[in-house]
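Peer 1: What follows is a structure written as structure tokens; I'll ask about it next.
Just so it is clear, none of the values below were taken in a lab; they were calculated from the coordinates. Treat the numbers as computed from the prediction; the structure is a model and nothing was measured. Positions of Cβ are backbone-derived with ideal geometry, glycine not excepted, and every protein chain shown enters the neighbour counts.
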Amino acid sequence: MSQLVSLCKRRGFIFQNAEIYGGMQGVYDFGPLGVELKNNLKQAWWKSMVYERDDIEGLDTAILTYRKVLQYSGHEDTFSDPLIDCKECKTRMRADHVTDGKCQNCGSKDLTEPREFNLMFSTNAGPVVSDDSLAYLRPETAQSIFTNFKNVIDSTSRKVPFGIAQMGKSYRNEITPRNFLFRVREFEQMELEFFCEPGTEKEWHTYWKNARLQWWIDQGLAPENIVARDIPEDDLAHYANACFDIEYKFPHGMDELEGVASRMDYDLGNHTKAQKDYDIKAHVHENNESNTKMAVMDANNKWFIPYVVEPSAGVERGFIAVLTEAYTEEDLGEGNTRIVLKLKKHLAPIKVAVIPLKKNKEEIVNTCKEIKQKLQKLGIGRILYENTGNIGKAYRRHDEVGTPICVTVDFDSIEGDTPTVTVRDRDSMEQIKVPLNDIVDYVKDYYIE
């Protein structure tokens, strides 16, 4: 992990939030390259979920959450972790992380009894601070999908089975943020709620487990480093009848990358009134105040509340996973080591670096800038004009940040009847000559399949 943290700071992927004041624990900022990698990962998810399928719609909902939504979803009552204080050093920690009854900081056994600590950030909407104005920063993106279920049905005429996808920020007041970006207080989620008829949820649950495993492999994760763990029945969340945890071999060990939960009708049921033709489960609040009907009709014109399968992934955890997998140190001999981020090309923060062999040669510099502008118009992502003056160092820098190809403009690019540029491959370090007039088509063919 220390190597990744160093790389992220050195090359502008991740910065500690408010670092000049000592930093805010569990909150991080994405730097110039980090925001590109994060956006590319999110775009790959959105493309696979929404653009490449005909049964999923997208949403982007508010972060500020109405209190009643989280009352009836159960979050106000159950969204908590067990908290313990050390009476000696005053350290606070999660009770389930305490080993042998000893404080993680000083080793004292003089600890308080566990008490439940609600993880939601609260705020007040309006000028008066009171219980009536209480609101929350959303702890997950899922609930606003459920509360918009009827709106999506009415506006798109969707029929079950179908899904609603959303990416966005969520907030959890973690007791002990840890493992860099892995467990933080502000993070982004990529969530799908897939609605299906009761009785078909097991089939869809297996389908989405396999689909999500393959998607992560397509992002560059090695199959031997990723696994779907079937959660035992006695470890399931109260809203689920089945769950797979997709786990990845992070630097700190195997841990959850994405959850695929079968949530039954818990959420839609809790956000609707009981229907005469539907036997609402006992866990639904009898005094539910929502007036919106979340049921739909089946082929026999009978009302039912859909069951839900939910693949839910954290962007930051995915960010760490693809960095971990891509990070490579190659021994070049004679004590030289090359650090390379072997990212999939669609995830690379910089798609092409255009580098002049001589930074003070006007014709070469102008040719570089012309190439950069032409390549940028392809719409494949960020194209960088790199004018450091040292071609070897430029190559090493772009190896380290994962740039798949570098285009070098030299004297052959401005002289002769058929000017050429040099294209260097990140992984093989192979260099080939490409006619200057063909470089746009070459890059287009490389990225646009």
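Peer 1: Restricting to the range 78-126, give me the number of residues that are free of Cβ contacts under 8 Å to residues at least 24 places away in the same chain, closer than 27 Å to K169 by Cα and assigned to a loop (DSSP other than H, G, I, E, B).
Peer 2: 1
Peer 1: Could I ask something else about it? In the list K342, K374, K293, K302, which residue meets the criterion of being in contact (Cβ under 8 Å) with a residue 40 or more places away in the chain and either within 30 Å of E197 (Cα to Cα) or touching a Cys at 6+ places or on another chain (Cβ under 9 Å) (or both)?
Peer 2: K293
Peer 1: Which pairs do you get when a residue that is closer than 18 Å to R183 by Cα, found in the range 1-29, comes within reach of a residue that is of a type in the set (K, R), reach meaning Cβ atoms under 8 angstrom, with the pair 6+ apart or on two chains?
Peer 2: What qualifies is F15/K9; Q25/R185; G26/R183; G26/R185; V27/R185.
Peer 1: Kindly evaluate G163 against the criterion of being under 26 Å from F194 (Cβ atoms), touching a Phe, Trp or Tyr at 6+ places or on another chain (Cβ under 9 Å), in a strand (DSSP E or B) and of a type outside the set (D, E, K, R).
Peer 2: It is true that G163 is under 26 Å from F194 (Cβ atoms), touching a Phe, Trp or Tyr at 6+ places or on another chain (Cβ under 9 Å), in a strand (DSSP E or B) and of a type outside the set (D, E, K, R).
Peer 1: Residues to consider are L41, L7; find the one that is more than 18 Å from the chain's Cα centre (by Cα) and of a type in the set (A, V, I, L, M, F, W, C).
Peer 2: Step by step, each of L41, L7 is checked, and only L7 is more than 18 Å from the chain's Cα centre (by Cα) and of a type in the set (A, V, I, L, M, F, W, C).
Peer 1: Could you look through the range 166-213, keep only residues that are part of a loop (DSSP other than H, G, I, E, B) and under 13 Å from the mean Cα position of the chain (by Cα), and pick out the one that is nearest to D255 (Cα to Cα)?
Peer 2: F182
Peer 1: Sticking with this structure for a sec: I'd like the residue in the range 49-67 that is among the hydroxyl-bearing types (S, T, Y) and part of a strand (DSSP E or B) and, out of all such residues, is surrounded by the most Cβ atoms within 10 Å (Cβ to Cβ).
Peer 2: If we take residues in the range 49-67 being among the hydroxyl-bearing types (S, T, Y) and part of a strand (DSSP E or B), then T65 is surrounded by the most Cβ atoms within 10 Å (Cβ to Cβ).
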